[in-house]
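The block underneath contains the structure these notes are about, expressed in structure tokens.
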Amino acid sequence: MRITNANSLLEDELKDIYDFEKRLVRAIPKMAKAANSEELRSGLMEHLEVTRNHVERIEQAFELLDVSAKAKPCDGMKGIIAEGEEMLGEDIERSLRDVAITAAARRVEHYEMAAYAAAHAIAEHLGNSEVADLLQQNWDEEREADEKLGELAGQLLESAGDEEEAPAPRKSAGGKKARQAGE
């Protein structure tokens, strides 16, 4: 597809988003299955339903633009999902596995938020408030998911009770000189 104006750029962005949301509908259950924590597992399954709603909203956006809902392979999300799958295959201490899953899920959320923010800005520029509203709803839900994952990761880290002591902070060479120079 040749992108010649903001309308075609928005359509291209939506195709990318449509692809990654559909990919996530398939990837989230795998992450949930790998989770040890019931709280993480149920949170991921709840977000699966939210993600299905995102797919529906993107389909509504296509309808509002009077274009067919088509996905364009999103290489960025493919890579993020591949990294998450690779992490699931790693030899990770059981108590840290869920923390690693939350880290992978947060990468997904941040990528999604960036895509939604970009598409939202284009829709607003075009004066298409209906499409912008749909994109904003999805962005808000992605932000909420990221916040929940961040809180859960903190709880999981605390309960993991790492037995290793944290390494002492390293002092930089010339630290005193750097401080004096800044005074």
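The values are calculated or read from the model by the stated rules, or taken from the named source; none is laboratory data. Since the model is a prediction, treat every value here as computed from it, not as a measurement. FYI the Cβ positions are ideal-geometry reconstructions off the backbone, even for glycines, and counts take in every protein chain you see.
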Might you let me know whether the range 109-119 holds any residue that is farther than 12 Å from His47 by Cβ, in contact (Cβ under 8 Å) with a residue 60 or more places away in the chain, surrounded by 21 or more Cβ atoms within 10 Å (Cβ to Cβ) and hydrophobic (A, V, I, L, M, F, W, C)? yes
Note on Asn7: of the conditions (1) among the polar types (S, T, N, Q); (2) part of a loop (DSSP other than H, G, I, E, B); (3) surrounded by 14 or more Cβ atoms within 10 Å (Cβ to Cβ), unmet is (2)
Picked from the range 130-151 (must be surrounded by 20 or more Cβ atoms within 10 Å (Cβ to Cβ) and farther than 14 Å from Ile58 by Cβ), the residue farthest from the chain's Cα centre (by Cα) is Leu149
Is it the case that the range 41-50 has a residue that's surrounded by fewer than 18 Cβ atoms within 10 Å (Cβ to Cβ), under 18 Å from Leu135 (Cα atoms) and without any contact (Cβ under 8 Å) to a residue 12 or more places away in the chain? yes
Check off (1) surrounded by fewer than 21 Cβ atoms within 10 Å (Cβ to Cβ); (2) more than 14 Å from the chain's Cα centre (by Cα); (3) assigned to a helix (DSSP H, G or I) for Arg2 and give me the number that stays unchecked. (3)
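Does Ala105 qualify as being in a helix (DSSP H, G or I), buried (at least 18 other Cβ atoms within 10 Å of the Cβ) and at pLDDT 95 or above?
Working: in a helix (DSSP H, G or I): yes; buried (at least 18 other Cβ atoms within 10 Å of the Cβ): yes; at pLDDT 95 or above: yes.
Criteria met by Ala105.
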Cβ-Cβ under 7 Å pairs, at least 6 apart or on other chains, the range 77-100 side under 15 Å from Arg26 (Cα atoms), far side among the β-branched types (Val, Ile, Thr) and modelled with pLDDT of 90 or more: Ile80/Val108
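Residues in the range 79-96: is at least one assigned to a helix (DSSP H, G or I) and hydroxyl-bearing (Ser, Thr, Tyr)? Break it down stepwise before answering.
First, pick out the residues of the range 79-96 that are assigned to a helix (DSSP H, G or I): 79-88, 94-96.
From the residues that got through so far, the ones that are hydroxyl-bearing (Ser, Thr, Tyr) too are 95.
The answer is yes; a qualifying residue exists.
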Which listed residue, of Gly175, Gly127, Gly161, is modelled with pLDDT of 95 or more, of a type outside the set (A, V, I, L, M, F, W, C) and loosely packed, with under 12 Cβ neighbours inside 10 Å: Gly127
